[in-house]
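Worksheet: the structure to be examined is printed underneath.
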Amino acid sequence: MARPPVTERNATRSDEETSAPSLAGRVRVAAMMPPGHVRTPAYLRGKTGTIERALGAFANPEKLAYGLPAEKRRLYRVRFTMDELWGAEAETPGDTLDAEIYDHWLERVAD
């Protein structure tokens, strides 16, 4: 499935448009299970990964899905090991999975 083009309406490279502090290093995905449309896969919730890179600030798709005004949120690419995701069941524990996750789903983890 092709991604829609980035437009002035849904993206900016300016981090000044968000109030959240930027993230780096180790993060945990919040273990929330809110009702409705969310963009964070359930199998990643509560898991710990590493920020691979910041992708910019985008309109919050969880609000856009309902036609609500959407504040800009920082989007990050987070890298998880298969060991972190699947534990002893991981066939190749050192392999990784990258996921793009918005900042309001991420919590800093002390190194």
Subset of segment 1-45 (residues that are surrounded by 15 or more Cβ atoms within 10 Å (Cβ to Cβ), part of a loop (DSSP other than H, G, I, E, B), at pLDDT 90 or above and of a type in the set (A, V, I, L, M)): Ala30
Count - residues of segment 46-100 that are surrounded by fewer than 17 Cβ atoms within 10 Å (Cβ to Cβ), assigned to a loop (DSSP other than H, G, I, E, B) and either of a type in the set (Gly, Ala, Ser) or free of Cβ contacts under 8 Å to residues at least 24 places away in the same chain (or both): 11
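The values are calculated or read from the model by the stated rules, or taken from the named source; none is laboratory data. Since this is a predicted model, take the numbers as computed values, not measurements. Here Cβ is always computed from backbone atoms with ideal geometry, including for glycine, and neighbour counts include all displayed protein chains.
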